[in-house]
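For reference, the structure is listed below as structure tokens.
The values are calculated or read from the model by the stated rules, or taken from the named source; none is laboratory data. As the structure is a prediction and not an experimental result, all values here were calculated from the model. Please note: Cβ atoms are built from the backbone with ideal geometry, for glycine as well, and neighbour counts cover all protein chains shown.
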Amino acid sequence: MKFKENNIILKELKEKDVSTKYVNWLNDPQIVKFTQQSGKTANYKNVIKYVKEKQKSKYEFFYGIFIKEKKIGNNKLNIVHVGNIKIGPINYLHEHAAISYLVGEKKFWRKGIASIAIKMVVKIAKKRFSLKKILSYVHEKNIASTKVLFNNNFILEAKLKRKIKYKNKRVDELIFSKFI
């Protein structure tokens with residue numbers, strides 16, 4: 001299933017979408033510093049396993065963020081995998097889920113891609129899964145994610161004091177939410 005807006009496409013990630021470039025994002029400390037991947041080592045085999053698990057899940061849905069990019073000196077469009085966004089786990093009884101996201105291609109940082117991907121995934125959550133509320137858990141030092149969520153009309157619902165370790169210090173985790 002694909003979803004398009006402007007030059008951004010969200011599609012459920014498949015094994016064929018896992019590339020060396022994607023695995024390298026997960027091993028770049030600057031890219032993953034605010035994620036659960038921080039401090040871990042990814043390899044092609046375990047990334048494929050993760051993607052397959054999400055494909056089988058009824059509670060988590062994993063999308064690749066792709067950009068339609070014109071090649072210089074050419075009228076052809078190139079489709080580039082620039083990041084990922086996940087809905088889940090979904091609580092169907094209470095009609096809510098968390099979202100998490102990553103723009104792995106640094107040349108696409110600060111271009112509004114995460115904002116558009118979140119806007120799109122919120123629509124998917126509402127239409128495809130009939131959810132009423134979306135949550136996002138953010139590291140207090142992750143200013144970019146905080147801005148992206150505020151830009152998508154999420155509110156800061158809670159602050160969990162000193163929940164996360166970061167550079168050997170305890171820091172807060174922020175919980176953002178949005179009714180949809």
Checklist entry - If you scan segment 15-50, which residues turn out to be in contact with a Lys or Arg (Cβ under 9 Å, 6 or more places away or on another chain) and more than 30 Å from Val171 (Cβ to Cβ)? => result Glu15, Asp17
Checklist entry - Being hydroxyl-bearing (Ser, Thr, Tyr) and under 13 Å from the mean Cα position of the chain (by Cα), is that true of even one residue in segment 54-71? => result yes
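When you scan segment 60-68, do you find a residue that is at pLDDT below 95 and not acidic (Asp, Glu), even just one?
Yes, the conditions are met somewhere in segment 60-68.
How many residues does segment 111-121 contain that are part of a helix (DSSP H, G or I) and more than 12 Å from the chain's Cα centre (by Cα)? Reasoning before the result, please.
Here is the first cut: in segment 111-121, the ones part of a helix (DSSP H, G or I) are 113-121.
So of that shortlist, the ones also more than 12 Å from the chain's Cα centre (by Cα) come out as none.
Residues meeting the conditions: 0.
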Item to check | Which numbered condition Lys107 fails, given (1) under 29 Å from Lys167 (Cβ atoms); (2) basic (Lys, Arg); (3) in a loop (DSSP other than H, G, I, E, B) | outcome: (3)
Checklist outcome for this item: The residue that is farthest from Val51 (Cα to Cα), considering only those in segment 72-110 that are among the aliphatic types (A, V, I, L, M) and more than 17 Å from the chain's Cα centre (by Cα), is Ile72
Checklist outcome for this item: Given the conditions (1) in contact with a helix residue (DSSP H, G or I) (Cβ under 9 Å, 6 or more places away or on another chain); (2) surrounded by 13 or more Cβ atoms within 10 Å (Cβ to Cβ), every one holds for Lys106 apart from (2)
Item to check | Selection count where residues are within 16 Å of Lys133 (Cα to Cα) and assigned to a strand (DSSP E or B), scope segment 146-173 | outcome: 4
Checklist outcome for this item: When every residue in segment 119-146 that is over 16 Å from Ser177 (Cβ atoms) and of a type in the set (Lys, Arg) is compared, the one surrounded by the fewest Cβ atoms within 10 Å (Cβ to Cβ) is Lys127
